[in-house]
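The structure appears below as structure tokens.
The values are calculated or read from the model by the stated rules, or taken from the named source; none is laboratory data. Predicted model, so just to flag it, every value in this text is computed and none were measured. Neighbour counts are summed over all protein chains in view; Cβ atoms, including those assigned to glycine, are modelled from backbone coordinates with ideal geometry.
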Amino acid sequence: MREVAVIGIGDTKFGELWESGFREIGIQAGLAAVEDAKLTAEEIDALYVGNMSAGRFIEQEHVAALIADYSGLARDHIPATRIEAAGASGGLALRQGYLAVASGMHDIVVVGGAEKMTDVGDVLATEIQASAADQQWEVTFGATFPALHAMIARRHMYQYGTTREQIAQVSVKNHKHGSLNPKAQFQREIDLNTVLRAAPVADPLGMFDCAPFSDGAAAVVLCAMDKARKYTDTPIKIRASAQASDTLALHARSDICSFAATRVAAQKAFRQANLEPKDIQVAEVHDNFTISEILAIEDLGFFPKGQGGKATMEGQTTIGGKVVVNTSGGLKARGDPIGATGVAQVVEIVQQLRGQAGKRQVSGARLGLAQNVGGTGATVVVTILEAA
Amino acid sequence: MATARFWRENPSRYNLSASRCGVCGKVFFPPRTVCSTCHRKSIGKMQSLRLAGEGEIYSYSVVHEAPSQYEILKPYVVAMVKMDEGVMLTSQVIDVDFKEVKIGMRVRTTLRRVGEDGPAGVIYYGYKFAPVK
């Protein structure tokens, strides 16, 4: 296994990008990453693209070849592969790229993630999003994706005494961070009452507990560590990449207050990196719903089980806190173009570790972690990065 | 949805057809061909079983934003119910005031309409939950 570094990053603004199509956003992010790494097209060995459901959002499959083509790489005939694992598509694409370089098969790969969600209406987008859960045994019976997370929230409140206010604070905190990110979909701070009084979506969760539908793309360039300094003075080393799966349906698990796949992937990642949760200064976690962030920070080992809500309320995950979570604004405020999300998380961590995160910079950040979730925890990817 | 897709799920949707591992006794719904604990040892030893239909609410939500199929039902209650056999099912809770729904509430399955293929399409039936009186 070779060491692998991130040598280039690129992303689009996230939001309702009506003036841009899937091709435009995918290429904008990809070219920015290639430009950042100062690569020539001939140096790219392969492309991996994370995408959940272009087939249903824009009625276009075969999107990896499409992105390679419109990136001007058609005549280079590079292998271009699309990866799908619902919300974890981007993180998983990154992992495939990592494995390809670590194995020695490729020296330089581009990993992109893209989703164009706003060409369909909210009702259809909700249905497409729900296909990440068990269509036959959850969704058909009336469980929406927010409702599944609402049931997690209710149970977490019941078992651990987590309060509605603590859950809502995740949204307040992520909007605060998002207000410092010029690429975030939402750049306004909100207060606790705004979250608590928002229109209900799936009780106890309301509108401000749910990540929005978004268009957007993100890309990174991966390179064998021993060649990375040819391209950049600030290579960011991938210290660990781990992945785990679990039952597709939430109801098939004995405990819904914890994602076992997060725990397993985190354990593997910390073991690979020879690190502990307390070593991490900055993390991007999969807050597709507010409760998801509370599960994540507990399952990753940042806080004991049941203490995630309290820690959030105390500001331990806010900029200035013990472990800063979702400096980008997270899925909640930065936006959640599904296939792009896992790659965008790594783009944010790389910016933090390079010291290029502007107003939201966590001072002295050396080690960062990204946790990307598919469905209700049926796929989880954990990546640990370090300023080399 | 194609008619055949729903039709082949009817044994579980109508009759709560499940399976039990002949090695460790763990119950699965819908039926599975292999046990997630016993793996290869369970192959060929999974026994069919019909759930009795009673259980208690493990968690629930009142759904306000619903897909088109459930638009006319909203708001409605959806719950995860731990059946007495130990396996968990997800469906709607009906014939109840939302405020009375609680974790631990006893419910039993009842056969109801769960969906249809548009206004003139095939109607699908399956289980929902109602409080045990």
Selected residue [out of contact with any Phe, Trp or Tyr (no Cβ under 6 Å at 6 or more places or on another chain) and assigned by TED's automatic domain parsing to the domain that holds A:Leu250] from A:Glu115, A:Glu138, A:Glu84: A:Glu138
Just checking, how many residues over region B:74-100 are within 18 Å of the chain's Cα centre (by Cα), surrounded by fewer than 19 Cβ atoms within 10 Å (Cβ to Cβ) and more than 18 Å from B:Ala18 (Cα to Cα)? 3
Going by the structure shown, is A:Val264 under 16 Å from the mean Cα position of the chain (by Cα), β-branched (Val, Ile, Thr), in the same structural domain as A:Ala132 (by TED's automatic domain parsing) and over 24 Å from A:Ala143 (Cβ atoms)? no
Considering only region A:159-191, state which residues are within 14 Å of chain B (Cβ to nearest Cβ) and of a type in the set (A, V, I, L, M, F, W, C). A:Ile167
By residue number, the members of region B:108-133 that are of a type in the set (A, V, I, L, M, F, W, C) and either within 18 Å of A:Arg154 (Cα to Cα) or without any contact (Cβ under 8 Å) to a residue 12 or more places away in the chain (or both) are B:Ala120, B:Ile123
Counted residues in region A:7-41 being surrounded by fewer than 17 Cβ atoms within 10 Å (Cβ to Cβ), under 21 Å from the mean Cα position of the chain (by Cα) and within 29 Å of A:Lys230 (Cβ to Cβ) come to 1
Of the conditions (1) away from chain B (no Cβ under 14 Å); (2) free of Cβ contacts under 8 Å to residues at least 24 places away in the same chain; (3) part of a loop (DSSP other than H, G, I, E, B), A:Thr194 satisfies every one except a single condition; which number is it? (3)
Regarding B:Tyr58, is this residue more than 20 Å from A:His251 (Cα to Cα) and in contact (Cβ under 8 Å) with a residue 40 or more places away in the chain? no
For the condition farther than 22 Å from A:Ser131 by Cα, in contact (Cβ under 8 Å) with a residue 40 or more places away in the chain and touching a strand residue (DSSP E or B) at 6+ places or on another chain (Cβ under 7 Å), what is the one hit in A:Ala333, A:Ala269, A:Ala261, A:Ala340? A:Ala269
B:Leu51 vs. criteria at negative phi and either in contact (Cβ under 8 Å) with a residue 24 or more places away in the chain or away from chain A (no Cβ under 12 Å) (or both): yes
Can you tell me which residues in region A:129-149 are assigned to a loop (DSSP other than H, G, I, E, B) and at the interface with another protein chain (Cβ under 7 Å from one of its Cβ atoms)? A:Gln136, A:Trp137, A:Glu138, A:Gly142, A:Ala143, A:Thr144
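Table: residues versus (1) without any contact (Cβ under 8 Å) to a residue 24 or more places away in the chain; (2) closer than 26 Å to B:Val78 by Cβ; (3) outside the structural domain of A:Gln356 (by TED's automatic domain parsing).
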| residue | (1), (2), (3) |
| --- | --- |
| A:His149 | no, yes, no |
| A:Arg164 | no, yes, no |
| A:Gln169 | no, yes, no |
| A:Val172 | yes, no, no |
| A:Asn181 | no, no, no |
